[in-house]
1. List the trypsin sites (Lys or Arg not before Pro) in the stretch A:98-207 that DSSP assigns to loop (not H, G, I, E or B) and whose Cβ has at most 12 other Cβ atoms within 10 Å. Which are they?
2. What is the magnitude of the charge dipole of the protein assembly as shown about its Cα centre, with +1 placed on the Cβ of each Lys and Arg, -1 on the Cβ of each Asp and Glu, and no other charges, expressed in debye to the nearest 20?
3. Just check the protein assembly as shown against the gyration tensor rule for me: Cα atoms, a ≥ b ≥ c as the square roots of the eigenvalues, rounded for a/c under 1.5, and otherwise prolate or oblate depending on whether a/b exceeds b/c.
4. Normalised by the residues of chain B, what does the relative contact order come to in percent, with Cα pairs under 8 Å and at least six apart?
5. If each residue's Cβ is checked for other Cβ atoms within 10 Å, how do B:146, A:120 rank with the fewest at the top?
6. Between rounded, prolate and oblate, where does the stretch B:99-163 land on the alpha carbon gyration tensor, with a ≥ b ≥ c its root eigenvalues, rounded for a/c under 1.5, else prolate if a/b exceeds b/c?
7. Along each of its three principal axes, how wide is the spread of alpha-carbon positions in chain B, in whole angstrom units, largest first?
8. Which GluC sites (Glu not before Pro) in the stretch A:152-219 pass both tests, a DSSP loop state and at most 13 other beta-carbon atoms within 10 Å?
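A short reminder: the numbers here are calculations on the coordinates, not readings from a lab. Given the structure is predicted, the values throughout are model-derived calculations rather than measurements. Cβ coordinates were reconstructed from backbone atoms using ideal geometry, including for glycine residues, and neighbour counts include every protein chain displayed.
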Protein chains: 2
Amino acid sequence: MNYTAREGNESSHQAGPSGRPDTRAALLEAGFHAFARKGFDGASVRDITREAGANLGAITYHFGSKRALYSEVLEANLTPLVDRVGTAAAGPGTPMERLSAVIAVFFEHLSKNPELPRLMLQEVSAGKQPPPEVVAIVQRNAGYVMGILRDGQTAGELHLRNLLFTTVSIVAQPLFMTIMAPLLREVGGIDMSDPKTRNAALEHVQAFVRAALQPREEA
Amino acid sequence: MNYTAREGNESSHQAGPSGRPDTRAALLEAGFHAFARKGFDGASVRDITREAGANLGAITYHFGSKRALYSEVLEANLTPLVDRVGTAAAGPGTPMERLSAVIAVFFEHLSKNPELPRLMLQEVSAGKQPPPEVVAIVQRNAGYVMGILRDGQTAGELHLRNLLFTTVSIVAQPLFMTIMAPLLREVGGIDMSDPKTRNAALEHVQAFVRAALQPREEA
DNA sequence: GTATAATTCATACGTTCGTATGAATACAAG
DNA sequence: CTTGTATTCATACGAACGTATGAATTATAC
C-alpha cells in the first residue's frame with residue numbers, strides 16, 4: 001500500500017518541466033476529452049489510459065480512482081476559464097464594456113476548448129449536486145458577473161431587476177451558443193468552426209445582452 | 001424470434017385504456033426518469049425495469065434494445081413540448097406577445113417536467129449527432145420561434161440581426177434557468193420550486209428578451 | 001556501485017452490464 | 001374446453017467495467 005501519490009502536494013511527482021512522460025498530465029488530458037465526449041459513465045478507464053499511452057492501473061496509482069480523476073479534470077479545466085473571466089471583469093472601462101469583455105472571454109475560451117462546455121453542462125445537467133469544488137468555481141464566476149452588474153446598476157448605466165437571474169441569462173448565452181454548434185449546422189447550415197461565423201455569434205451575443213440591459217423608461 | 005412487438009403500429013399492444021399493467025408505458029416513464037437522472041450510460045436496464053415493476057427482459061421484448069427505448073423516450077417527451085410551442089406560436093397577438101407566450105409555455109412545461117431539460121441537454125451536450133428524430137423536433141421548434149421573429153421583423157416591431165442566433169439566445173433562457181435551479185439555491189439561496197420564484201424567473205426572462213428585441217435607433 | 005523509493009506493467013478478481021433463451025403463464029378466439 | 005398468440009419470468013452468457021495485487025522496472029540518494 002505504498003502507491004498513495006497523494007500525500008504531499010504537486011512538484012515532487014514527475015518533474016513536469018523535464019522531458020519525462022508525465023503520465024499524470026497525460027491522464028488529465030485524456031480524461032478531459034473522454035469525459036467531455038462520453039460523460040463520466042460512458043468514458044472507461046481503459047479508454048482513458050489507452051489514449052494517454054499509460055497502463056491500465058495508472059489512474060488508480062496517480063489519482064486513486066476514476067472519480068478522483070474526474071474531480072481533478074473538472075477543476076483543472078474550469079479554473080483557467082474563471083480566472084480569465086476574473087481578470088476581464090476587473091479590467092477598465094464602463095460596466096457595459098467590462099461585460100462585453102467577459103462575454104468575449106467566455107466565448108473565446110469555450111470556442112478554443114469546444115469540449116469544455118460539454119463537460120460543464122454534463123456536470124450541471126446530471127441533476128445531482130456537483131462536487132463542492134465545482135460549486136465554488138461557479139460561485140466565483142457568478143460573483144464576477146454580478147459585481148459588474150451591480151456597478152452598472154448603481155452607476156445607472158445598466159437596467160435590470162434581478163441580479164442572479166440576469167447573471168444566468170448572460171452566462172447561458174456563450175455556453176449555449178457553443179454547445180449548439182453541431183445543431184446549428186444541421187438546422188441552419190451555419191458552420192461555427194469558421195472564425196468569421198464564430199465572431200458573428202460573439203457580436204450577436206454582445207449586442208443581445210447590451211440591448212437587454214440598456215436603461216430605458218418603462219413601467 | 002416472435003417477440004418483435006414493433007411490427008404494426010400502436011393500438012394493438014396492450015389495450016392501453018384498460019386496467020391492464022401496460023408494461024410498455026411504465027417502461028417509457030421509468031426510462032424517462034432514469035435517463036434524465038443518470039444519462040444513457042448511467043441508467044441500467046435493471047434500474048429501469050425494476051422501477052417500472054417489470055421483468056428484466058421487458059425492454060428487450062417491448063422495444064428491442066435499451067437504445068430503442070431511449071429513442072422513444074426522447075421523442076415521447078419532446079414532442080408534447082414542441083406541440084405546445086407550436087400552438088402558442090400560432091396564437092393571436094403581436095409578435096412580441098406571441099414570443100412571450102412561447103417563453104411562458106417553455107417555462108411552464110419545463111418547470112412541470114423538471115427532468116426534461118436535463119434529458120434535452122444531456123442529449124445535446126453529448127457531442128454526438130443526436131438521432132434524426134430529435135434533430136427534426138428541434139428544427140420544428142426553431143421554426144416556430146423563427147417564424148415569430150420574422151413576423152415581428154417585417155412589421156418593424158422587433159429588432160434583430162440574425163434570426164438563428166436570436167432564436168438560440170431566446171430558447172437558451174428557459175432551458176438554462178430551469179436546469180440551473182439546483183445551483184441557484186446553492187449560489188444565490190433561491191428556491192425555484194417555489195411557484196412565486198418560478199414566476200419571477202419567467203417574468204425576468206420575458207422582460208430580458210423583450211428588452212433585447214425592442215427596436216431602437218443605433219448604428 | 002548498492003539501497004530505497006517511485007512508477008509501470010501484466011494480470012486477475014468480483015461486479016455489473018445489455019441481451020438471449022426457453023419455459024411458464026395470461027389472454028383471446030374458436 | 002382447446003388452440004394459438006402475447007407477454008412475463010427466471011436464468012444464463014459473454015463482455016466490459018473499476019479496482020487490486022505483486023512483480024518488474026526505472027529513477028533518486030547515498
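1. Qualifying residues, ordered by number: A:128, A:161.
2. Result for the protein assembly as shown is approximately 580 debye, rounded to the nearest 20.
3. It is oblate, given that a/c is not under 1.5 and a/b is not larger than b/c.
4. Relative contact order, chain B: 18 percent.
5. Going from sparsest to densest Cβ surroundings: B:146, A:120.
6. Oblate, since a/c reaches 1.5 and b/c is not below a/b.
7. 68, 42, 36
8. A:217, A:218
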